[in-house]
Amino acid sequence: MQKTQSPLLRLWQLGREHHGGLIAAIFCAVVGVLLGLLPYLSAGHILVALLTGQQDWNFYLLWCMVALGGYLAKTLLYNLALSLSHKATFQILRDIRKMVLSKMPRLPLGDILDTSSGRLKQIVVDQVESMETTLAHLLPEMTSNLLAPVCVLVYLFMLDWRMALLSLVSIPVGMAFMMAIMGSYGKDYQGAVETTQAMNETIVEYIGGIEVIKAFNQGKNSYEKFSSRVRANAAYYYNWMKKCQFGMALAYAIAPTTLIT
């Protein structure tokens, strides 16, 4: 039985020449998140000092400066991480497109003829472009943003395991709304692929035949087909997002509210 390789692992292997940039981006993002905890640490010390009657202004000034420094460092490192990840990502996407184009001349001519120009455009341009979010955002942001909640959760368990468990109640409730949306994701995504492919085919046909269209004065009819495909594609994504908006809003609103319980 052949093992199925993880898409993320395969994507990581394709970008092996640019791992340094991605690892540096992850490192900067992680350090930025850790430094981003300093304002909360400072606020804690200031609150304790206020409750105990501390009147030394230098004490408060020091912790305010620590909070400001942590916030600025987090912002700078976050932007640096995104800059490094995007630079490495665009180089990886360039290399992937080169590999795809270098393979096409080695494919059977029948396969090329049976594949529409819109389908080829979708593979080389759209599908490769869709990897940008995973490489440039998911790797540095997900890795770093998971670190702070995990540290806080471990600290809560050290203080009181009952308080730590209560803080997790909102997460499965929010994820329940998310799972309700994901139930129809496969069908909706397939429809999105089909409507995008149809639009791409129309775009390529329209651009390729523009001279003939103008010569035979068929611009109005051809443009109507072109514009209707574009509108249909936009309408599909709009309706898909509209259908998911309520559940997504509830999931994003409820899941982070760990302080309620």
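The values are calculated or read from the model by the stated rules, or taken from the named source; none is laboratory data. Remember, it's a predicted structure, so these values are computed and weren't measured experimentally. Heads up, the Cβs are rebuilt from the backbone with ideal geometry, glycines too, and the neighbour counts pull from every protein chain shown.
Does the stretch 73-108 hold any residues that are of a type in the set (Gly, Ala, Ser) and either closer than 30 Å to ARG119 by Cβ or outside any helix (DSSP H, G or I) (or both), and which are they?
Matches in the stretch 73-108: SER85, ALA88, SER102.
If TRP12 meets every condition in (1) at pLDDT below 90; (2) more than 17 Å from THR133 (Cβ to Cβ); (3) not aliphatic (A, V, I, L, M) apart from one, which number is that one?
In the conditions (1) at pLDDT below 90; (2) more than 17 Å from THR133 (Cβ to Cβ); (3) not aliphatic (A, V, I, L, M), TRP12 misses (2) alone.
Does GLN13 meet the test of being among the polar types (S, T, N, Q), outside any helix (DSSP H, G or I) and either in contact with a strand residue (DSSP E or B) (Cβ under 6 Å, 6 or more places away or on another chain) or surrounded by fewer than 16 Cβ atoms within 10 Å (Cβ to Cβ) (or both)?
For GLN13, the condition - among the polar types (S, T, N, Q), outside any helix (DSSP H, G or I) and either in contact with a strand residue (DSSP E or B) (Cβ under 6 Å, 6 or more places away or on another chain) or surrounded by fewer than 16 Cβ atoms within 10 Å (Cβ to Cβ) (or both) - is not met.
Have a look at GLY53, GLY69 and point out the one that is in a loop (DSSP other than H, G, I, E, B) and out of contact with any Gly (no Cβ under 6 Å at 6 or more places or on another chain).
GLY53
Which of (1) in contact (Cβ under 8 Å) with a residue 40 or more places away in the chain; (2) in contact with a Cys (Cβ under 8 Å, 6 or more places away or on another chain) is the odd one out, the single condition LYS74 does not satisfy?
Just one mismatch for LYS74, condition (2).
Looking at this structure, is PRO172 over 19 Å from the mean Cα position of the chain (by Cα) and either surrounded by 15 or more Cβ atoms within 10 Å (Cβ to Cβ) or not assigned by TED's automatic domain parsing to the domain that holds ARG94 (or both)?
It is true that PRO172 is over 19 Å from the mean Cα position of the chain (by Cα) and either surrounded by 15 or more Cβ atoms within 10 Å (Cβ to Cβ) or not assigned by TED's automatic domain parsing to the domain that holds ARG94 (or both).
One residue is enough: does the stretch 145-161 have a residue meeting the conditions over 24 Å from the mean Cα position of the chain (by Cα) and in contact (Cβ under 8 Å) with a residue 24 or more places away in the chain?
For the stretch 145-161, residues over 24 Å from the mean Cα position of the chain (by Cα) and in contact (Cβ under 8 Å) with a residue 24 or more places away in the chain: absent.
Scan the stretch 245-260 for residues that are over 12 Å from VAL173 (Cα atoms) and either aromatic (Phe, Trp, Tyr) or modelled with pLDDT under 85 (or both) and jot them down.
PHE246, LEU259, ILE260
Among the residues of the stretch 109-120, which ones are under 21 Å from ASN233 (Cα atoms) and either not in a helix (DSSP H, G or I) or not hydroxyl-bearing (Ser, Thr, Tyr) (or both)?
Selection gives THR115, SER116, GLY118, ARG119, LEU120.
For every residue, the table says whether it meets (1) more than 30 Å from LEU37 (Cα to Cα); (2) at pLDDT below 90; (3) loosely packed, with under 14 Cβ neighbours inside 10 Å.
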{"site": "VAL152", "(1), (2), (3)": "no, yes, no"}
{"site": "TYR185", "(1), (2), (3)": "yes, yes, yes"}
{"site": "GLN190", "(1), (2), (3)": "yes, yes, yes"}
{"site": "GLU194", "(1), (2), (3)": "yes, yes, yes"}
{"site": "THR202", "(1), (2), (3)": "yes, yes, no"}
{"site": "ASN221", "(1), (2), (3)": "yes, yes, yes"}
{"site": "TRP240", "(1), (2), (3)": "yes, no, no"}
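Name, by its number, the condition in (1) surrounded by 14 or more Cβ atoms within 10 Å (Cβ to Cβ); (2) assigned to a helix (DSSP H, G or I); (3) modelled with pLDDT of 80 or more that does not hold for PHE226.
(3)
Give just the number: which of (1) surrounded by 15 or more Cβ atoms within 10 Å (Cβ to Cβ); (2) farther than 21 Å from ARG16 by Cα; (3) among the β-branched types (Val, Ile, Thr) does ILE112 not satisfy?
The failed condition is (1).
Working only within the stretch 148-204, note down all residues that are in contact with a Leu (Cβ under 7 Å, 6 or more places away or on another chain) and aliphatic (A, V, I, L, M).
ALA148, MET163, ALA164
Criterion first (surrounded by fewer than 12 Cβ atoms within 10 Å (Cβ to Cβ), modelled with pLDDT under 85, assigned to a helix (DSSP H, G or I) and in the same structural domain as TYR40 (by TED's automatic domain parsing)) does ILE123 satisfy it?
no
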